[in-house]
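**Q** Here you go, one structure.
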Amino acid sequence: MKLKKLAQLIALMGAVSPAIAQTAVDTSKMQRVEITGSSIKRIAKEGALPLEIISRKQLEDQGIVSAEQLIATLNINGNGSDNLASNADVTSGAQRGNNGASSANLRGQGADSTLVLLNGRRVATHGMKGSAVDLNSIPMSAVERVEVLKDGASAIYGTDAIGGVINFILKKNYRGLETQAFVDVTEAGGSEIGRASITGGWGDLDTDGWNVLATFSHRENKALRGDQRDFVNTFQPDRGVSVDTRGTPSGNVFATTIGPSLLSRTGTGPTIPGGGTTTYSGISILDLPGGPGCNSIDGMGPYDEKLWNSAGSAYGCAWDTGRAAVLQQPVKSSNALARATFQSGDHQFFVEAVGSNVEVAKRFSPNQISPGTTTFPASSFYPRTGAAYDTVYNALVKVFPSVSANYGLPIAYRWRCMECGNREIVTESKAARLLVGADGPVNLFGKRFDYRTGISRAFSESESLLGTGYNYTVALANALGTGKINPFLLPGQQQSQEAIDLIKSTSAAGVTMYGGRTTLTQLDGALSGELFNLPAGTVMGAVGFDLRREGYEFNGDRRAAGARPVILNAPFDDPNALDGVHRDIKAVYAELLVPVINNLDVTLAIRRDHYSGIGATTNPKISFRYQPIPELLFRGSYNEGFRAPSFNQLYNGVTESPYAGKDLVDPSRCPTGLVDATKPGCESITPNIFTGGKSSLGPETAKQGTVGVVIEPFTWFSANADIWEVRKQNTIDSFSTATMVANYNLFSENFIRDASGNIAFIDQRWVNAGERTTRGLELGARLNGKFSTGAIWTIGMDGSRLLEKKSRATTNAEFGKSEVGRFTFTGDLGLKWKHSAYVTYKYGNWSGLFQNIYRSGYDDQVLPGVANGLVKPTNYNPKVDDYSIFNLSVSYSGIKSLTLTAGVKNIFDEDPPFAITYDGNTGAGSSWEPRVADPRGRAFTLMATYKFF
């Protein structure tokens, strides 16, 4: 095969990013190297697996300076709640504790089923939850390339490698000194990004026998608030969405069973004379006849009782929590790398240290105050002595005359404490890894083999502190009970200075909420080389071992046990506190490459892992590569994989929390499963929810396969197609209430009833129960050529088509509806089609990139009133529109030692499409989907790189 053809096939086999094709390949040295997904050193083109290689130049052309930005551009990455935008509001379930973490999610298998490596070895998982690597800890300024393996790899790497592997490869044998500065500024304001870095390298391994590399970078992402973008508007009932919260800046009056109050002595709200039997609660005096209206106060609007199927809420006001949330959390990160490499003959010895410090401030809506509920004492009812008492009383009596009999009783209410400030949780994460290793040749049995060995110690520790917006419960209740704080402000009114001082005196800012730490100690080694010859070629093999100890601790509330005054709605998660747990992993693996016939290679791999406390698992893999003619290549694999349960899933304590939504019914009494107050048995219920871990959990298992073809009929054209399927079994799930209700016959034991037969609790703790099947097709095509002027151009497209995504709660159940193109609240959102199309151009010192990123639409969420036909929005569209943006960048290197890259992201300033993401249970979400779209809008980037020598 000609050298030119070989170079083209290297690109054909996967050395192409989803955004930009490599236009040149260095063919001067075809050395065998270890590629991601195999322990056998080989030339890159010899691999049988779909491997995507993204160079540093490609990252810079796209204005990518963080690992999270990179992952968002990968079509193979799923659309889960793994980024900082998706976790910027109130979260529940598996998302709890992800403060400040951002993760990868290949093939939609989840962040904890995607293996992230740094220079081919593991790093510690995020210190808070301990289940996935925080991408913010990756030193991107030192990354030379990123290798993305689109296939399972448990037979080589062990746990987590079900969705695939992302390997960040750092610079090696770098010589010189360079600085780089980058800015990314949005046209509409907010969410500015900046990074500065310096990298130095001294010594040459080939001539000096040593090299020292050091780099430091600092990155800062500014916050983007919801009220800075017009598309954030949860008050759009004509399109099928409105806010389900009556915790408002001007409070709503409630009836409560905790004690007699102005609206009711019995807990049942009043009726309207001649208006039927409907009882009313959650009443705002702004919304009563003759009132100024809910819209008279910024961010408020009328509560849509029809959309939420709650007739008794007709006189309530709601407040747009989405506008108060931060769409992009502010991040400050510092990363450092130091590496010393020594060459002795053919052997290399190295010491490598990486470290990071990341600070993320999560800010969302001010606390909702509900006196009389289980979390807030009734002593904070608004007293008769309060200045606004008579105003509220007079407004209520005009519509509900029966309230006059209760004059003098305190007022129960729900109020949004704007003066408390937005809730803020500041999380600082520190991570580091020290690695000592060696590699080189060794002669055994008269043959040359390559060895690789290393020992490392890594940790990641995180700590979350409360900022503004959190107050000591009893102190705030007592302050409210004085009547000096007015929860019923009318338009134009403000709290008195005395009231503001009272609120500030109850602040819990600065309290450490919790912290966690993971540790990883690893000793590994591998040996690979040629074994013997067959008629079709040389058999190659590799063997290796992996010894690890993983540790985890979670400290919960650090305050002394006897001095822990309750802080309102602060999720301390004390039941999950662990003094320290660990497990030992022992693994051995082997790999064999067999040339069966001419141009057909088969690779066999197997690995056995033993986990203390869990047991052993053995996982095989077989892959093939068949190239009958130079222009045609077939490839494929079958493998089995596993994911060990996380420490949290095993050892978390039991947490009890009330269900706050209004969309839940008793499935044994309501055949439709939909809330309908007019149908007996279909009333809304609010049981308590149990969540937590189980020490009896076993690993998740997976069976998966890939078959693909690569063609290059001409030197200027190539294309590839791979179809894949992942069947995940024994999945560790904490099922949503909706799933459990829909499958009540399977989960009836999880619905715990009281003596009257009513549902009191729902057990949602982790279990090994379910099964998921995901199938997809990956396609790519690219053209390249030259103009007569010598300019080089490339046109290409890489796409991902999701063919099937379905799950079942247990192996005895039927598979549910296909999740392809359909809204789901949690986990991965199964978009049917995603692609990145691009045009590149290079001439002399100039190069450019024009890129299109496309994400297909899907069936939107349907709120209760629309689902049961009570309301028909006039502007309702059951589908979310497609999301498509265009980016442009230009680079110039004609100035000595200086390279400039300028770009425009989202050239046409495309807003995220309207989507109903509001969650009535948590009060989070709004009118756009953070798992799909970028809320920043049009942005301008500039990168300058200066090389001193």
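The values are calculated or read from the model by the stated rules, or taken from the named source; none is laboratory data. On a predicted model such as this, the values are computed, not experimentally measured, just so you know. As a convention, Cβ positions derive from the backbone with ideal geometry for all residues, glycine included, and neighbour counts pool all protein chains shown.
**Q** What about Thr248, is it β-branched (Val, Ile, Thr), on the phi < 0 side of the Ramachandran plot, out of contact with any helix residue (DSSP H, G or I) (no Cβ under 7 Å at 6 or more places or on another chain) and at pLDDT below 95?
**A** So Thr248 does not fit the description; no.
**Q** Right, another one. Out of the residues in region 450-479 that are among the hydrophobic types (A, V, I, L, M, F, W, C) and touching a Pro at 6+ places or on another chain (Cβ under 7 Å), which is surrounded by the fewest Cβ atoms within 10 Å (Cβ to Cβ)?
**A** Among those that are among the hydrophobic types (A, V, I, L, M, F, W, C) and touching a Pro at 6+ places or on another chain (Cβ under 7 Å), it is Val474.
**Q** Another one. With the condition kept exactly as written, say whether any residue in region 863-882 is without any contact (Cβ under 8 Å) to a residue 24 or more places away in the chain, outside any strand (DSSP E or B) and of a type in the set (D, E, K, R).
**A** The answer is yes; a qualifying residue exists.
**Q** Continuing with the same structure: Residues that are within 30 Å of Phe714 (Cβ to Cβ) and over 25 Å from the mean Cα position of the chain (by Cα): list the strands (runs of 3 or more DSSP E) wholly contained in region 742-787 that include at least 1 such residues.
**A** Qualifying strands (runs of 3 or more DSSP E): 767-786.
Here's the yes/no breakdown for (1) of a type in the set (Phe, Trp, Tyr); (2) more than 30 Å from Phe948 (Cβ to Cβ); (3) at pLDDT 95 or above; (4) surrounded by 15 or more Cβ atoms within 10 Å (Cβ to Cβ):
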residue: Asp860; (1), (2), (3), (4): no, yes, yes, yes
residue: Gly865; (1), (2), (3), (4): no, yes, no, yes
residue: Lys872; (1), (2), (3), (4): no, yes, no, no
residue: Asn887; (1), (2), (3), (4): no, yes, yes, yes
residue: Val890; (1), (2), (3), (4): no, no, yes, yes
residue: Ala902; (1), (2), (3), (4): no, no, yes, yes
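**Q** Among Ser137, Ser86, Ser102, which is of a type outside the set (D, E, K, R) and either touching a Pro at 6+ places or on another chain (Cβ under 8 Å) or surrounded by fewer than 24 Cβ atoms within 10 Å (Cβ to Cβ) (or both)?
**A** Values: Ser137 fails: either touching a Pro at 6+ places or on another chain (Cβ under 8 Å) or surrounded by fewer than 24 Cβ atoms within 10 Å (Cβ to Cβ) (or both); Ser102 fails: either touching a Pro at 6+ places or on another chain (Cβ under 8 Å) or surrounded by fewer than 24 Cβ atoms within 10 Å (Cβ to Cβ) (or both).
Just one listed residue meets the conditions, Ser86.
**Q** Six or more apart or on different chains, Cβ under 6 Å: which pairs go from a residue in region 527-538 that's in the same structural domain as Leu444 (by TED's automatic domain parsing) to one that's acidic (Asp, Glu)? Could you list them?
**A** Ser528/Asp450; Gly529/Asp450; Thr538/Glu530
**Q** Being under 40 Å from the mean Cα position of the chain (by Cα) and over 30 Å from Pro139 (Cα atoms), is that true of even one residue in region 442-460? Break it down stepwise before answering.
**A** Step one: of region 442-460, the residues under 40 Å from the mean Cα position of the chain (by Cα) are 450-460.
Still in the list and also over 30 Å from Pro139 (Cα atoms): none.
No, region 442-460 contains no residue that is under 40 Å from the mean Cα position of the chain (by Cα) and over 30 Å from Pro139 (Cα atoms).
**Q** Restricting to region 637-669, name every residue that is more than 26 Å from the chain's Cα centre (by Cα) and closer than 18 Å to Ile752 by Cβ.
**A** Once the filter is applied, which keeps residues that are more than 26 Å from the chain's Cα centre (by Cα) and closer than 18 Å to Ile752 by Cβ, region 637-669 yields Leu664, Val665, Asp666, Pro667, Ser668, Arg669.
**Q** Report, by residue number, each residue of region 832-857 that is buried (at least 21 other Cβ atoms within 10 Å of the Cβ) and touching a Phe, Trp or Tyr at 6+ places or on another chain (Cβ under 6 Å).
**A** Correct list: Gln851, Arg855.
Residues checked against (1) buried (at least 17 other Cβ atoms within 10 Å of the Cβ); (2) touching a residue at least 24 places away in the same chain (Cβ under 8 Å):
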| position | (1), (2) |
| --- | --- |
| Arg549 | no, yes |
| Ala561 | no, no |
| Ile567 | yes, yes |
| Val588 | no, yes |
| Arg607 | yes, yes |
| Pro630 | no, yes |
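**Q** With the requirement that a residue be small (Gly, Ala, Ser) and touching a residue at least 40 places away in the same chain (Cβ under 8 Å), what does region 883-924 give you?
**A** Hits for region 883-924 are Ser889, Ser891, Ser893, Gly894, Ser897, Ala902, Gly903, Ala915, Gly920, Gly923, Ala924.
**Q** Name the one entry in Gln494, Gln522 that is assigned to a loop (DSSP other than H, G, I, E, B) and either without any contact (Cβ under 8 Å) to a residue 24 or more places away in the chain or not β-branched (Val, Ile, Thr) (or both).
**A** One residue alone meets the criteria, Gln494.
**Q** Kindly indicate the residue of region 721-741 that is of a type in the set (A, V, I, L, M, F, W, C) and part of a helix (DSSP H, G or I) and also farthest from the chain's Cα centre (by Cα) among those meeting that condition.
**A** That would be Val741.
**Q** Same structure, new question: Looking at the structure I just gave you, is Pro645 touching a strand residue (DSSP E or B) at 6+ places or on another chain (Cβ under 6 Å) and surrounded by 15 or more Cβ atoms within 10 Å (Cβ to Cβ)?
**A** yes
**Q** Can I ask one more? Name the one entry in Thr159, Thr215 that is at pLDDT 95 or above and of a type in the set (Ser, Thr, Tyr). Please lay out each step first, then the result.
**A** Details: Thr159 fails: at pLDDT 95 or above.
Checking each option against the conditions leaves just Thr215.
**Q** Among strands (runs of 3 or more DSSP E) lying entirely in region 293-398, which contain 3 or more residues that are closer than 30 Å to Leu177 by Cα?
**A** Those strands (runs of 3 or more DSSP E) span 331-344, 347-364.
**Q** Let me ask something additional. Of the conditions (1) modelled with pLDDT of 85 or more; (2) within 30 Å of Val767 (Cα to Cα), Gly63 fails just one. Which one is it?
**A** Every condition holds for Gly63 apart from (2).
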